[in-house]
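**Student:** This is the structure I want to talk about, given as C-alpha cells.
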Amino acid sequence: MAHDAIIIGAGMSGLAAGIRLAMFGKKVVILEKHSIPGGLNSYYQRRNFEEGGVRPFDVGLHALTNFIKKGEKGKPFSKLLKQLRLSWDDFKLHPQTHSMIHFPEAQLKFSNDFELLESEVHQRFPHQKDHFARLAQNVREFNELDLSLGYQSTRAKLATIITDPLLLEMLLAPLLIYGSAWEDDMDFAQFVIMFKSLYFEGFARPEGGVRRIIKLLVDKYAENGGELRYRSSVARILTENGKAVGVRLDNGEELRAIHIFSSIGLPETAMRVDDGHFETQPRVGKMTFLESIFVFDKKPTDDATIVFYNNAPTYAYRPASNYYDATSAVVCLPDNYERHNTAGEGTVRVTYMANYRQWADLVRTDYDAKKDEVAESAKALIKKLFPTYDAHLRFTDVFSPTTIERYTWHKDGTVYGSIDKTRDGRTPVDNLFIIGTDQGFLGIIGAMLSGISMANLHGLMEAPQ
Amino acid sequence: MNQEQVRQVVLNIISDIAPDEDMTTLKDEVSLREQLDLDSMDFLDIVMELRKRHKVEVPAEDYPKLATMASCVSYLTPKMQ
C-alpha cells in the first residue's frame with residue numbers, strides 16, 4: 001500500500017483531516033483539482049489599475065462564524081484549536097461590529113454578544129419575549145453533534161415555539177442563507193449548529209481574509225509531513241470486493257490507499273464510484289448563489305458588518321425563478337471588521353440566490369450582459385441601504401453558479417451540498433468516507449471540525465475493514 | 001520509567017494538547033475532565049501521543065483507566081518498563 005489515506009480536495013475539511021492523520025504518523029496525500037487550496041472558501045486576485053499591484057479577493061468567506069474570545073473553552077472553535085494544535089492568536093481575528101436582519105416591517109441587530117439580539121427581540125417583539133427565551137433554551141440543550149440524528153424540519157419545530165411568523169422568518173433568514181442545502185427549511189440539527197455559531201458566538205474575520213486560515217492549515221499539514229498535490233483531478237474511485245482501494249486521476253495515474261476521505265460532496269463522490277455500490281444516487285442540492293464584488297475609492301460610512309436584507313414579509317429561500325432574485329440579499333462590508341483602518345479602498349459584496357440551470361444555459365454574450373444586470377441591481381441595493389455612502393466605484397466583479405461549479409467541483413454550483421447528508425461519514429463502500437459539507441457540519445469551522453472528527457473516527461480509532 | 005517519570009510523560013502530553021491549561025494545581029485523585037477542558041477528542045489525542053512518543057498501546061476498552069492522573073500512572077507504569 002502506497003498510502004494510509006487519500007484525501008480528495010484541499011478545502012477546509014480536507015486540510016483539517018490531513019493534519020490529524022499526518023500528525024499521528026499516517027502517510028497521507030491530498031489531491032486537489034485546482035492549482036490553489038481552499039475549495040469553497042478560496043481566493044483570487046485582480047490587477048489594480050488605479051494604484052498598481054493587485055487587489056486580493058476572497059470567495060465564500062463573508063464571516064468566520066463561531067467567534068470566541070481568547071481563552072474561551074468548550075466551544076467548537078476552541079476544540080478545533082486543540083485538535084489542530086493551533087493558537088487563537090494565529091488567526092488574528094477581528095470581531096464584527098454588528099449585523100442586521102433587515103425586513104420591511106422590522107429590523108433586528110445582532111452582534112457577538114447574544115444580549116444585543118435578546119434586547120432587540122424584546123423591543124420589537126415584546127409579546128415573544130418568553131417564546132424567544134424558550135427557543136434559546138432548546139438550542140442550548142440540543143446535542144447537534146450526535147452523529148445518529150436524522151432529518152427533522154426546523155419550521156415544524158419552530159412553529160411550536162415562536163408564534164409570531166415575522167420573528168420566525170427574521171430569525172431563520174441568516175441561518176438559511178449561511179448554511180441550508182434544503183429549500184425554505186433546514187434540518188433542525190443544522191439549525192442548532194447555525195443558531196449557536198451565528199447568534200450565540202458570532203462573526204469575525206481573520207486579518208487578511210481566508211488566505212490566513214488556508215495558509216495556517218497548509219503549513220501545519222506540511223509541518224506534519226503531509227503531501228499535497230495540485231492539478232490532480234480524481235476521475236474514478238477504485239473498488240475491489242465492495243471496498244475502496246484507491247483512485248485514478250484524469251491523467252490515468254493510479255494511487256492506492258487504505259482509507260479514502262472525499263470532500264467533493266456525496267453525489268460527486270458517488271458519481272466516481274462504479275455502478276451498483278450506491279443503491280440510489282444522492283440528490284444534488286439546488287441552492288446556489290451569485291455574488292457581486294464592488295471596490296469603491298473609500299471605506300463604507302455605515303458601520304454594520306453584514307446586512308441580511310429581505311424585501312418581503314416572508315423569506316423565500318429557494319432557487320431564483322428568473323436567473324437571480326433581488327427580493328433578498330446578503331450584503332457584506334468586510335472593512336467593518338477592522339474599523340480602525342479608515343484609509344484606502346472599501347469593498348462591498350452582495351449575494352443573491354440564483355438559478356443554476358438558467359446560468360448554465362446562457363451563451364457567452366448573454367452571460368456577460370446578465371452579469372452586468374446583476375451588478376446594476378446590486379449597486380442600486382447598496383444605494384438604498386447606505387444612502388450617504390457617496391464613493392466612486394473602481395472595480396466590479398460578479399461570479400455566477402457556473403463559476404462556483406468550475407472552481408469547486410460541486411455539481412450545479414451548489415454551495416451547501418446535497419440534501420442527503422451522511423452524518424457518520426460512512427458510504428455504501430467500505431473505507432470510503434465523506435467529509436465536509438455533505439457530512440453535515442456547517443461553515444468554515446464546521447468544515448474543519450468535520451475533517452477532524454471523521455479522520456479521528458475512521459482514520460485513527462478504527463481498524464480498516 | 002518510574003511512577004514520577006510516567007506522571008511527567010502524561011503531564012507533557014496534556015500540556016501539548018491543551019496549552020492554555022494550568023497544570024500546577026492538578027489534583028491526581030480527581031478526574032481530569034473535571035479539572036481541565038478535555039473532551040473525548042482530547043482523550044483520543046492522549047492515547048495517540050502515547051503511541052507516537054512511547055509506543056504504548058491503549059485499547060479502547062481501557063480508556064476509562066485514563067480518568068485521573070493517579071489511574072493513568074498506575075495503568076501506564078507497567079506498560080512503560
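The values are calculated or read from the model by the stated rules, or taken from the named source; none is laboratory data. These numbers come from a predicted model, not from an experiment. Using ideal geometry, Cβ is built from the backbone for each residue, glycine included, and neighbour counts are taken over all protein chains shown.
**Student:** Looking at (1) of a type in the set (Ser, Thr, Tyr); (2) within 12 Å of another protein chain (Cβ to nearest Cβ); (3) part of a loop (DSSP other than H, G, I, E, B), which is the one condition that is false for residue A:35?
**Tutor:** (2)
**Student:** Among the residues of region B:36-56, which ones are touching a residue at least 12 places away in the same chain (Cβ under 8 Å) and either within 10 Å of chain A (Cβ to nearest Cβ) or not aromatic (Phe, Trp, Tyr) (or both)?
**Tutor:** B:36, B:37, B:38, B:42, B:45, B:46, B:47, B:49, B:50, B:53, B:54, B:56
**Student:** Please work out which residue is modelled with the lowest pLDDT, limiting yourself to region B:29-55 and to residues that are surrounded by 13 or more Cβ atoms within 10 Å (Cβ to Cβ) and assigned to a loop (DSSP other than H, G, I, E, B).
**Tutor:** This residue is B:37.
**Student:** Now a separate question. Checking the structure you have, find out if any residue of region A:108-127 is assigned to a loop (DSSP other than H, G, I, E, B) and in contact with a Pro (Cβ under 9 Å, 6 or more places away or on another chain).
**Tutor:** yes
**Student:** Any residue in region A:379-408 that's aromatic (Phe, Trp, Tyr): show its pairings with residues that are surrounded by fewer than 16 Cβ atoms within 10 Å (Cβ to Cβ) and modelled with pLDDT of 95 or more at Cβ separation under 9 Å, as long as the two are six or more apart or on different chains.
**Tutor:** A:389/A:383
**Student:** A further question follows. If you go through region A:77-96 one residue at a time, how many are outside any loop (DSSP other than H, G, I, E, B) and more than 24 Å from residue A:222 (Cα to Cα)?
**Tutor:** Of the residues in that region, 2 qualify.
**Student:** Follow-up question, since we're still on this one. Report yes if residue A:189 is over 19 Å from residue A:15 (Cβ atoms) and not assigned by TED's automatic domain parsing to the domain that holds residue A:267, otherwise no.
**Tutor:** Yes, satisfied.
**Student:** Would you confirm, using the coordinates I've provided, whether residue A:433 is crowded, with 23+ Cβ neighbours inside 10 Å and part of a strand (DSSP E or B)?
**Tutor:** Yes; evaluated as a whole, the condition is true for this residue.
**Student:** Ok, one more. Given B:4, B:61, which one is surrounded by fewer than 17 Cβ atoms within 10 Å (Cβ to Cβ), part of a helix (DSSP H, G or I), away from chain A (no Cβ under 14 Å) and acidic (Asp, Glu)?
**Tutor:** Result of the check over B:4, B:61: B:4.
**Student:** Scan region A:183-204 for residues that are farther than 18 Å from residue A:351 by Cβ, outside any helix (DSSP H, G or I) and modelled with pLDDT under 95 and report the count.
**Tutor:** Of the residues in region A:183-204, 2 are farther than 18 Å from residue A:351 by Cβ, outside any helix (DSSP H, G or I) and modelled with pLDDT under 95.
**Student:** Where residues in region A:53-79 are among the hydrophobic types (A, V, I, L, M, F, W, C) and within 13 Å of another protein chain (Cβ to nearest Cβ), which of them is farthest from residue A:42 (Cα to Cα)?
**Tutor:** A:68
**Student:** Could you tell me how many of the residues in region A:184-205 are more than 14 Å from residue A:443 (Cα to Cα), under 16 Å from the mean Cα position of the chain (by Cα) and surrounded by fewer than 22 Cβ atoms within 10 Å (Cβ to Cβ)?
**Tutor:** Residues flagged as more than 14 Å from residue A:443 (Cα to Cα), under 16 Å from the mean Cα position of the chain (by Cα) and surrounded by fewer than 22 Cβ atoms within 10 Å (Cβ to Cβ) within region A:184-205 amount to 0.
**Student:** Of all residues in region B:50-81, which are under 18 Å from residue B:32 (Cα atoms) and of a type in the set (Lys, Arg)?
**Tutor:** B:65
**Student:** Further, regarding this structure: Being of a type in the set (D, E, K, R) and in contact (Cβ under 8 Å) with a residue 24 or more places away in the chain is the filter; apply it to region A:254-274 and report the residue that is surrounded by the fewest Cβ atoms within 10 Å (Cβ to Cβ).
**Tutor:** A:274
**Student:** Also: Hey, which of the strands (runs of 3 or more DSSP E) in region A:216-329, taking only ones fully inside, have at least 1 residues that are of a type in the set (Ser, Thr, Tyr)?
**Tutor:** A:234-240, A:254-262, A:289-296, A:306-310
**Student:** Step by step: first the residues of region B:7-21, then only those that are within 11 Å of another protein chain (Cβ to nearest Cβ) and among the charged types (D, E, K, R), then the one that is surrounded by the fewest Cβ atoms within 10 Å (Cβ to Cβ). Which residue is that?
**Tutor:** By that ranking, first place goes to B:16.
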